[in-house]
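We did not get these values from a lab; they are worked out from the coordinates using the rules stated. Predicted model only: the values in this text are computed from it and were never measured. Don't worry about glycine lacking a Cβ; one is built from the backbone with ideal geometry, like all the others, and counts go over all protein chains shown.
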């Protein structure tokens with residue numbers, strides 16, 4: 001039997017259709033936010049336990065709050081330690097100098113981090129200076145933030161810096177821009193309501209703190225509304241009482257075609 005070869009024009013049309021179909025269906029990415037409590041709330045080091053939680057979640061990228069780097073409390077670079085155990089890339093953003101080292105936010109990613117930087121957030125009337133850690137991968141821009149716990153005015157001051165930065169730098173961006181973190185504010189509070197003008201909430205209002213008998217939701221996942229769109233496929237919280245005093249939030253999302 002003779003094999004019939006497709007004409008170049010037909011083959012090209014089929015290839016184009018496959019590309020368009022792939023673009024239309026969109027790529028799925030799973031993100032997580034996790035306040036890890038300096039990997040030491042209930043044990044000397046919970047790096048191994050957190051790595052186990054991350055693997056089981058199916059997350060592709062994780063925003064981490066409360067991490068130590070070579071200070072008097074933990075004389076090790078915790079974000080790097082977690083990334084090494086996972087075999088992932090990582091970034092760290094110092095919020096403040098602490099005990100001869102640093103304390104701040106981190107990000108670990110299964111995909112290569114193309115660029116990373118930090119945003120310094122003001123102390124204002126709060127307890128301490130804060131930061132946001134920002135990375136860009138092939139698929140998205142991803143940030144992890146930890147807002148002040150002491151005063152609402154400090155939270156607003158810190159959010160203003162965040163909102164001004166992301167709205168000016170990433171409006172109309174060709175990739176999704178995801179903001180995750182411990183906001184230390186309840187759903188429906190003035191602070192969280194202020195997010196609605198620029199951000200779309202992807203997570204639900206599941207209780208995330210404390211992990212041993214949670215009573216409030218303070219950990220969230222958002223997408224910048226003016227950047228490339230996403231659609232939520234699934235949201236879940238992972239009940240784990242030993243790895244940290246917070247419960248991680250996981251969102252599986254689909255990146256929409258431009």
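A few comments on the model shown:
- Full-extension gain in nm, residue 27 to residue 216, via 0.36 nm per residue minus C-alpha separation: 64.8 nm
- Share antiparallel - DSSP beta bridges, the chain, percent rounded to 5: 80 percent
- Contour excess over end-to-end distance, with Cα ends at residue 128 and residue 194 and 0.36 nm allotted per residue: 21.6 nm
- Here the stretch 105-225 carries DSSP beta bridges of which approximately 80% are antiparallel, counting only pairs with both residues inside.
- The spacing between the stretch 184-214 and the stretch 102-162, judged by their C-alpha centroids, is 16 Å.
- Taking 7 Å steps out from each Cα toward its Cβ at residue 160 and residue 85 produces label points 4.0 nm apart.
- On Cα atoms only, tilt of 47-57 relative to the major axis of the chain in degrees: 40 degrees
- For residue 205 and residue 241, the FRET efficiency from 1/(1 + (r/R0)^6), where r spans their Cβ atoms and R0 equals 25 Å, is about 0.80.
- Debye log10 I(q)/I(0) for the chain, one point scatterer per Cα, at q = 0.09, 0.11, 0.17 Å⁻¹: -0.40, -0.57, -1.33
- Of the peptides 46-57, 101-112, 118-129, the order by per-residue mean of other Cβ atoms within 10 Å, starting with the highest, comes out as 101-112, 46-57, 118-129.
- Neighbour-count ranking [beta-carbon atoms within 10 angstrom, fewest first] of 246, 146, 165: 165, 246, 146
- Rounded to the nearest 500, the helix-only mean residue ellipticity at 222 nm of the chain stands at -7500 deg cm²/dmol, with each DSSP H run of n ≥ 4 adding -39,500 (n - 2.57).
- C-alpha long axis of helix 8-25 to longest principal axis of the chain, angle in °: 20 degrees
- Angle in degrees between helix 152-170 and the longest Cα principal axis of the chain, rounded to the nearest 10: 30 degrees
- Residue exposure proxy: 195, 32, ordered by other Cβ atoms within 10 angstrom of their Cβ from fewest to most, comes out as 195, 32.
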